[in-house]
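The values are calculated or read from the model by the stated rules, or taken from the named source; none is laboratory data. As the structure is a computational prediction, the values presented were derived from the model and not from experiment. Note that we place each Cβ from the backbone using ideal geometry, even for glycine, and neighbour counts take in every protein chain shown. Keep in mind that these areas ignore ligands, DNA and RNA; they rest on the heavy atoms of the full protein, side chains included. Shrake-Rupley method; radii C 1.70, N 1.55, O 1.52, S 1.80 Å.
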Amino acid sequence: MSTPNHPSEAFDENPGTARRLLAPRRHAPGSPVAAALTRRRSKRRRRLTNVAGLFAGLCLMGALYTTIVPGAQAAGDTTTAAGTAEAAGQAIYNRTCISCHGANLEGVPQRGPSLIGVGAASVYFQVHTGRMPLARQGAQAIEKPPVLSDKEIDQLMAYVQAHGGGPTLPSGDLRAGDLAQGGELFRLNCSSCHNFVGEGGALSSGKAAPSLKNADDLTIYTAMLTGPENMPVFGDSQLTPDEKRSIIDYVQTIKAQADPGGAGVGRIGPVSEGLVIWVVGIGVMMFGIFWMGSKA
Amino acid sequence: MARTAAAPGVPTTRVGKAAYELDDRFIVAGWLRRTMNKVYPDHWSFLLGEIALYSFVVLLLSGTYLTFFFDASMKEVVYNGSYAPLRGVPMSAAYESTLGLSFDVRGGLFVRQLHHWAALLFVASIIAHLMRIFFTGAFRRPRETNWLIGVTLFVLSLLEGFAGYTIPDDLLSGTGLRIFGTVILSIPVVGTWLFFALFNGDYPGQFVVGRLYIAHVLLVPGILLALIGLHLLILIKQKHSQFPGPGRTEHNVVGNRFFPTFAAKSGGLFFLVFGVCAGLGGLVQINPVWLWGPYNPAQVSSASQPDWYIGFLEGSMRLFPAWEINFPGNYAIPAPFWPTVFLPGVMFTLLALYPMLERKLTRDSASHQLLQRPRDVPVRTSAGAMALTFYLVLVISGGNDVIADKFDISLNAMTWAGRIGLILLPPIVYVITYRICLGLEHHDREVLEHGIETGVIRRLPHGEFIEVHQPLGAVDAHGHGELAYGGAPVPKKMNQVGGARRAIRGFFRPVEDPAQVELEQRAEGYGLSAAEDEGRELTTSGRPSEGGRPSEGGRPQEPRD
């Protein structure tokens with residue numbers, strides 16, 4: 001029956017201790033109060049020693065673990081830097097991806113697809129845009145700030161690339177293309193979902209083609225290369241690397257371009273324009289005619 | 001000299017002499033005097049149609065400027081203008097000249113945008129005007145003809161807007177034209193023939209932009225102009241209807257003369273309309289065709305919408321299930337026929353015939369010069385609200401993919417909400433509107449019978465609390481008002497009958513000193529404050545003729561003393 005009281009006693013004791021540590025009171029030596037204080041102090045010292053010992057032990061264990069475990073694996077594998085990155089990638093994989101994509105990247109039914117052969121480009125797109133690790137199962141992965149650091153993403157890419165290969169990250173200037181051709185290709189291949197200038201659009205059943213507003217060059221390139229979510233894959237035989245670069249050039253140029261006609265109102269055309277004419281146009285006119293009517 | 005001056009009516013000033021000479025030749029004085037002196041009633045809602053008229057004028061002016069630079073040809077050219085992202089792209093001459101208008105013609109982009117905004121405002125104000133006419137019963141005899149002309153103007157303005165939207169031949173409008181083509185194709189029996197006649201061959205061909213251009217700048221505006229003229233002439237001939245009010249009857253018009261008051265107001269309104277269109281044209285981008293790209297039948301963008309006034313057809317197309325009716329022998333009525341030909345056909349026929357329908361149903365074929373307050377005709381008002389709801393669900397569904405995208409709603413959910421809403425919402429709105437109308441009517445009667453609630457609570461000798469009511473006129477033996485409802489707004493606040501302090505003037509902030517107004521009011525003996533000073537019983541008008549004691553709130557009285 002004393003158990004329920006125990007936590008509250010502990011609670012009562014701790015704040016008092018803290019206060020005494022901060023502002024120790026002085027008492028005459030030899031007095032009963034001083035004796036009690038000495039007893040308390042030694043008790044506290046004992047406790048502190050215990051905690052410090054435990055902490056040191058844990059640190060030591062951790063240090064041993066970090067030095068021994070990868071070493072053991074590296075010994076069985078290769079000793080190159082790539083091998084190390086791969087191993088680190090596997091550790092990240094086991095920590096963040098394994099529950100849906102399976103222990104050997106083979107996928108888990110109803111949860112996540114196999115990652116064998118998806119390639120580093122796919123990892124880059126999914127993890128860099130924060131879509132993976134997945135927040136929750138839903139119509140579509142939601143874009144969010146990336147959970148993993150750039151270094152961790154590189155390691156994960158190395159690990160996935162080592163299992164079945166697949167498309168890798170491009171190099172060089174990703175905007176080295178023909179602007180006008182990029183526009184034509186964008187309207188032909190991309191605008192049916194991403195809208196005329198990449199404002200994004202709705203797809204069926206809660207899915208959507210995202211806006212390209214926040215997409216950087218590499219994100220767009222890897223998306224085309226790997227076809228995430230509902231997006232088709234635009235392999236190098238469908239859109240050559242040069243054509244992909246043209247499209248990126250067009251998208252980024254249009255995004256950076258000012259609206260010469262004034263406020264862009266979302267660049268989505270008649271829907272926002274209709275809203276503007278009814279709210280602003282008719283709104284101001286109503287204001288005007290009320291005013292004229294009140295001057296009868 | 002003396003002889004001329006002595007003769008009455010002979011002009012002496014230079015202007016007067018010139019006018020005399022003119023009248024001598026053209027005999028316009030009598031007509032001009034009648035016109036200038038014609039009285040127009042005054043109400044803010046009568047200006048809605050004028051907004052449409054003035055935006056049409058703005059459209060004519062800005063459109064004329066655009067024709068100087070637009071080339072309505074579908075001839076293929078390669079763009080080499082100043083907009084870099086399209087340089088080297090093959091396109092039609094129409095699209096190229098629109099790009100030229102936007103980037104290379106001085107003021108071209110501004111006038112293009114001004115023209116487009118004015119077009120949106122034109123149709124929007126037509127609908128606002130139509131609603132005013134409908135809900136106030138202004139279409140009743142003798143104005144059915146003008147109603148029919150108005151509905152024709154409305155339909156023609158949709159056609160005119162669609163043609164204007166199409167002729168730049170950009171990717172957005174081309175997609176619209178493709179849909180328009182399928183709509184024509186879906187008409188049973190004649191569809192294919194109509195389609196080939198319009199496009200002069202298969203889609204898209206070489207001619208359709210040129211034809212729509214002529215329709216847009218000559219045919220339809222010509223008819224619009226003629227019909228607007230007729231609309232106004234009939235209005236002048238029949239005189240403007242007016243709301244009931246003091247001194248207003250079926251046989252007079254109370255308002256301002258055309259010159260100078262009405263003309264000044266109308267002139268002001270014209271500049272306001274022009275200002276709104278120019279402001280939007282200069283500040284808000286509309287139809288940035290350079291972003292859409294040239295039309296290519298192989299390309300279709302998501303969120304391809306028509307301008308808002310065609311949105312209801314887009315919405316009906318999106319909501320209607322893909323029901324195709326097949327007949328033996330390879331004949332079919334394709335699905336687009338029902339939502340885009342049949343449905344608007346029914347909608348506009350009902351709209352056009354509404355005055356006749358109402359005359360038939362109510363058996364009211366009398367001539368009406370006085371308008372009705374919407375609450376006084378609950379059935380019509382509710383039916384109108386119902387129709388409006390139907391229309392609104394269609395318009396919203398026309399942009400349902402954009403709404404789904406921007407608000408993270410499933411597009412399928414939007415479509416089903418539209419389908420269910422289209423059928424369920426109108427009757428619900430009918431019932432709600434009907435109840436609101438009845439409630440407002442009852443409150444009018446309540447105020448006429450018992451007076452205005454003064455907000456003054458009195459305690460009767462036996463302890464009961466009552467709110468003091470101010471009767472609007474004479475009361476009968478029971479303290480009930482004897483005024484009948486005349487179809488005019490009933491004052492419901494004390495300051496509307498001069499019984500309270502008047503409002504301090506000033507729109508955004510007071511332009512007069514409240515203390516000064518208070519003093520003026522006391523000096524003039526107006527308002528509750530004056531009554532307080534005199535120690536007079538609140539809300540008693542002091543007229544012995546009133547018999548009852550208004551301060552008792554119109555309750556049946558026990559004999560006193």
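Please go through the stretch A:264-296 and pick out each residue that is of a type outside the set (Gly, Ala, Ser), at pLDDT below 90 and open to solvent by 50 Å² or more (accessible area, probe 1.4 Å).
Once the filter is applied, which keeps residues that are of a type outside the set (Gly, Ala, Ser), at pLDDT below 90 and open to solvent by 50 Å² or more (accessible area, probe 1.4 Å), the stretch A:264-296 yields A:291, A:295.
Just to be sure, is residue B:44 modelled with pLDDT under 95 and either closer than 30 Å to residue B:123 by Cβ or surrounded by 18 or more Cβ atoms within 10 Å (Cβ to Cβ) (or both)?
On the way: modelled with pLDDT under 95: yes; either closer than 30 Å to residue B:123 by Cβ or surrounded by 18 or more Cβ atoms within 10 Å (Cβ to Cβ) (or both): yes.
Yes.
Each row is one residue, and each column tells you yes or no for (1) over 30 Å from residue A:207 (Cα atoms); (2) in contact (Cβ under 8 Å) with a residue 60 or more places away in the chain; (3) open to solvent by 60 Å² or more (accessible area, probe 1.4 Å).
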{"site": "B:408", "(1), (2), (3)": "no, no, yes"}
{"site": "B:423", "(1), (2), (3)": "no, no, yes"}
{"site": "B:430", "(1), (2), (3)": "yes, no, yes"}
{"site": "B:465", "(1), (2), (3)": "yes, no, yes"}
{"site": "B:476", "(1), (2), (3)": "yes, yes, no"}
{"site": "B:479", "(1), (2), (3)": "yes, yes, no"}
{"site": "B:483", "(1), (2), (3)": "yes, no, yes"}
{"site": "B:487", "(1), (2), (3)": "yes, yes, no"}
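Of everything in the stretch B:333-368 that's open to solvent by 40 Å² or more (accessible area, probe 1.4 Å) and among the polar types (S, T, N, Q), which residue is nearest to residue B:316 (Cα to Cα)?
Only one residue fits best here, namely B:349.
Take the residues in the stretch B:283-328 that are open to solvent by 40 Å² or more (accessible area, probe 1.4 Å) and within 8 Å of chain A (Cβ to nearest Cβ); name whichever of them is farthest from residue B:180 (Cα to Cα).
B:283
Take the residues in the stretch A:240-269 that are more than 7 Å from chain B (Cβ to nearest Cβ) and part of a loop (DSSP other than H, G, I, E, B), then tell me which one is nearest to residue B:283 (Cα to Cα). Quick ask: steps written out before the conclusion?
Our first condition is that a residue be more than 7 Å from chain B (Cβ to nearest Cβ); within the stretch A:240-269, this holds for A:240-249, A:251-252, A:255-258, A:266.
Okay, now just the ones that are also part of a loop (DSSP other than H, G, I, E, B), so A:240, A:257-258.
Values: A:240: 40, A:257: 17, A:258: 13 Å.
The extreme case among them is A:258.
Results for (1) within 20 Å of residue B:261 (Cα to Cα); (2) away from chain A (no Cβ under 11 Å); (3) in contact with a Ser or Thr (Cβ under 8 Å, 6 or more places away or on another chain); (4) open to solvent by less than 30 Å² (accessible area, probe 1.4 Å), shown as yes or no for each residue.
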site	(1), (2), (3), (4)
B:13	no, yes, no, no
B:16	no, yes, no, yes
B:38	yes, yes, no, no
B:51	yes, no, yes, yes
B:63	no, yes, no, yes
B:69	no, yes, yes, no
B:75	no, yes, yes, no
B:81	no, yes, no, yes
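Residue B:270 - would you say it is more than 7 Å from every other protein chain (Cβ to nearest Cβ), surrounded by fewer than 18 Cβ atoms within 10 Å (Cβ to Cβ) and of a type outside the set (Gly, Ala, Ser)? Walk me through how you get there before you give the answer.
Values: more than 7 Å from every other protein chain (Cβ to nearest Cβ): yes; surrounded by fewer than 18 Cβ atoms within 10 Å (Cβ to Cβ): yes; of a type outside the set (Gly, Ala, Ser): yes.
Here the answer is yes, as residue B:270 does meet what is asked.
Condition (residue is away from every other protein chain (no Cβ under 14 Å), part of a loop (DSSP other than H, G, I, E, B), open to solvent by 30 Å² or more (accessible area, probe 1.4 Å) and under 21 Å from residue A:227 (Cβ atoms)) applied to the stretch A:173-193: is it met by at least one residue? Walk me through how you get there before you give the answer.
To start, the set of residues in the stretch A:173-193 that are away from every other protein chain (no Cβ under 14 Å) comprises A:173-174, A:176.
Narrowing the set further to residues that are part of a loop (DSSP other than H, G, I, E, B) leaves A:173-174, A:176.
Narrowing further to those that are open to solvent by 30 Å² or more (accessible area, probe 1.4 Å): A:173, A:176.
Still in the list and also under 21 Å from residue A:227 (Cβ atoms): none.
No, that holds for no residue.
Tell me which helices (runs of 4 or more DSSP H) are completely within the stretch B:169-214 and hold 3 or more residues being in contact (Cβ under 8 Å) with a residue 40 or more places away in the chain, or say none if there are none. Outline the logic, then answer.
Values: elements: B:171-185, B:191-199, B:208-214.
Per the criteria, B:171-185, B:208-214.
Output the residues belonging to the stretch A:236-256 that are more than 14 Å from residue A:194 (Cβ to Cβ), open to solvent by 40 Å² or more (accessible area, probe 1.4 Å) and of a type outside the set (Val, Ile, Thr).
So in the stretch A:236-256, the residues more than 14 Å from residue A:194 (Cβ to Cβ) come out as A:236-246, A:249, A:253, A:256.
Retained after the next criterion (residues that are open to solvent by 40 Å² or more (accessible area, probe 1.4 Å)): A:236-238, A:240-243, A:253, A:256.
A:236, A:237, A:238, A:241, A:242, A:243, A:256 - these are the residues of the stretch A:236-256 that are more than 14 Å from residue A:194 (Cβ to Cβ), open to solvent by 40 Å² or more (accessible area, probe 1.4 Å) and of a type outside the set (Val, Ile, Thr).
Looking at B:94, B:163, B:124, B:138, which is the one that is within 12 Å of another protein chain (Cβ to nearest Cβ) and either outside any helix (DSSP H, G or I) or not β-branched (Val, Ile, Thr) (or both)?
Working: B:94 fails: within 12 Å of another protein chain (Cβ to nearest Cβ); B:163 fails: within 12 Å of another protein chain (Cβ to nearest Cβ); B:138 fails: within 12 Å of another protein chain (Cβ to nearest Cβ).
Exactly one of B:94, B:163, B:124, B:138 is within 12 Å of another protein chain (Cβ to nearest Cβ) and either outside any helix (DSSP H, G or I) or not β-branched (Val, Ile, Thr) (or both), namely B:124.
Consider residue A:185 carefully, then state whether it is aliphatic (A, V, I, L, M), modelled with pLDDT of 95 or more, outside the structural domain of residue A:85 (by TED's automatic domain parsing) and under 30 Å from residue B:405 (Cβ atoms). It would help to see each step written out before you state the result.
Details: aliphatic (A, V, I, L, M): yes; modelled with pLDDT of 95 or more: yes; outside the structural domain of residue A:85 (by TED's automatic domain parsing): yes; under 30 Å from residue B:405 (Cβ atoms): yes.
Judged against the criteria, residue A:185 is a match.
Could you list, in sequence order, the residues of the stretch A:195-235 that are at the interface with chain B (Cβ under 7 Å from one of its Cβ atoms) and either open to solvent by 50 Å² or more (accessible area, probe 1.4 Å) or part of a helix (DSSP H, G or I) (or both)?
Across the stretch A:195-235, the qualifying residues are A:204, A:205, A:206.
What number of residues within the stretch A:151-171 satisfy the criterion of being open to solvent by 60 Å² or more (accessible area, probe 1.4 Å), under 19 Å from residue A:91 (Cα atoms) and under 21 Å from the mean Cα position of the chain (by Cα)?
Count: 2.
Mind telling me which of the residues A:121, A:36, A:103, A:56 ends up being exposed (fewer than 12 other Cβ atoms within 10 Å of the Cβ), hydrophobic (A, V, I, L, M, F, W, C) and at pLDDT 85 or above?
The unique qualifying residue is A:103.
Residues of the stretch B:171-209 being within 14 Å of chain A (Cβ to nearest Cβ) and open to solvent by 70 Å² or more (accessible area, probe 1.4 Å), which ones? Lay out the reasoning, then the answer.
Pass one, the stretch B:171-209, residues within 14 Å of chain A (Cβ to nearest Cβ): B:171-176, B:178-179.
If the condition is that a residue be within 14 Å of chain A (Cβ to nearest Cβ) and open to solvent by 70 Å² or more (accessible area, probe 1.4 Å), then B:178 is the only one that fits.
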